[in-house]
Amino acid sequence: MRIPLLHLFMTSPFDGLLEHAEKVKECAWVFQQAIECHIAEQCTRFEDFKNEVDRLEHEADSVKRRIRGHIPKGTLMPVDKFQLFRYLGEQDSVLDAAQDALDWISFRFEAGVPKTVQKDLLLLVDSVIDPIEELIHMVSEARTYFKLFSDKQRVVVKDIIRNLRKLEHESDQLEDVFKQKVFHLETDPITVFHMVRLAEIIGSIADHAENAGDMMRAMVAR
């Protein structure tokens, strides 16, 4: 039987992971608004949303550094320290990908998004927000699991991870649909490249969320 060890911490490392996940979720909401603003012809707040994502990314980095810097060498932990850091890296990459997508848009902002694929882009964005919502749920339930080491709680965490994989697969399918439509647009090659690359960056948000789930699966494995 595994022995709960989190009581040896003044603060559980999963408290920090949850705080970081909440920053990622907050960023996701702003990211979604930024994309909607970019598509809407009358919206002039794209740069404000982009700056807000940059601010949240900076705050999340501070949380990440605090987590990494407050686990003294030799400290007993319920999970391997390097697994914890790998998980944190994937969760942080979710936010980085959202930031990268907005940066990519800003390189060719005035070109906008072709009207025939605007709805498809919004569907793709919606599909990568859902996995981010699940990250909060997963970290919260994992924190409970590592306090109790309950088999029932372990099943709860694994169910969330399975759902993350399902959501990522759905996002992949929407990304493929978007790219196929872009390749059939009657437009210039630069627009095609810009839109395809944008879809890949946005799709990577869900990829990193799934990867975070895989890291969590390794941590809860017996």
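Just to be sure, is residue 113 more than 16 Å from the chain's Cα centre (by Cα) and either closer than 28 Å to residue 37 by Cα or not in a helix (DSSP H, G or I) (or both)?
Yes; evaluated as a whole, the condition is true for this residue.
Please go through region 121-152 and pick out each residue that is touching a residue at least 24 places away in the same chain (Cβ under 8 Å) and more than 30 Å from residue 175 (Cβ to Cβ).
143, 145, 146, 147, 148, 149
Residue 133 passes all but one of (1) within 17 Å of residue 90 (Cβ to Cβ); (2) over 17 Å from the mean Cα position of the chain (by Cα); (3) of a type in the set (Asp, Glu); which number fails?
For residue 133, the exception is condition (2).
Return yes when residue 150 is of a type in the set (Gly, Ala, Ser) and closer than 30 Å to residue 199 by Cα and no when it is not.
no
Only one of these is more than 13 Å from the chain's Cα centre (by Cα) and small (Gly, Ala, Ser): 140, 204. Name it.
140
Can you work out which of the residues in region 153-185 that are surrounded by fewer than 16 Cβ atoms within 10 Å (Cβ to Cβ), more than 19 Å from residue 213 (Cβ to Cβ) and without any contact (Cβ under 8 Å) to a residue 60 or more places away in the chain is nearest to the chain's Cα centre (by Cα)?
Once the filter is applied, the top-ranked residue is 176.
Which residue, of 42, 32, 99, 91, is in a loop (DSSP other than H, G, I, E, B) and either modelled with pLDDT of 95 or more or out of contact with any Phe, Trp or Tyr (no Cβ under 8 Å at 6 or more places or on another chain) (or both)?
42
Of everything in region 117-144, what is farther than 17 Å from residue 20 by Cβ and modelled with pLDDT under 95? Give them in sequence order.
130, 144 - these are the residues of region 117-144 that are farther than 17 Å from residue 20 by Cβ and modelled with pLDDT under 95.
So residue 8 passes all but one of these: (1) modelled with pLDDT of 90 or more; (2) of a type outside the set (Phe, Trp, Tyr); (3) surrounded by fewer than 19 Cβ atoms within 10 Å (Cβ to Cβ). Which condition number does it fail?
If we test residue 8 against (1) modelled with pLDDT of 90 or more; (2) of a type outside the set (Phe, Trp, Tyr); (3) surrounded by fewer than 19 Cβ atoms within 10 Å (Cβ to Cβ), just (1) comes out false.
crowded, with 18+ Cβ neighbours inside 10 Å, touching a helix residue (DSSP H, G or I) at 6+ places or on another chain (Cβ under 8 Å) and closer than 18 Å to residue 35 by Cβ - does that describe any residue in region 137-149?
No, that holds for no residue.
Name every residue in region 149-199 that is among the acidic types (Asp, Glu) and assigned to a helix (DSSP H, G or I), in order of residue number.
If the condition is that a residue be among the acidic types (Asp, Glu) and assigned to a helix (DSSP H, G or I), then 151, 159, 168, 170, 172, 175, 176 are the ones that fit.
The values are calculated or read from the model by the stated rules, or taken from the named source; none is laboratory data. Since the structure is predicted, the reported quantities are computational estimates derived from the model, not experimental observations. Using ideal geometry, Cβ is built from the backbone for each residue, glycine included, and neighbour counts are taken over all protein chains shown.
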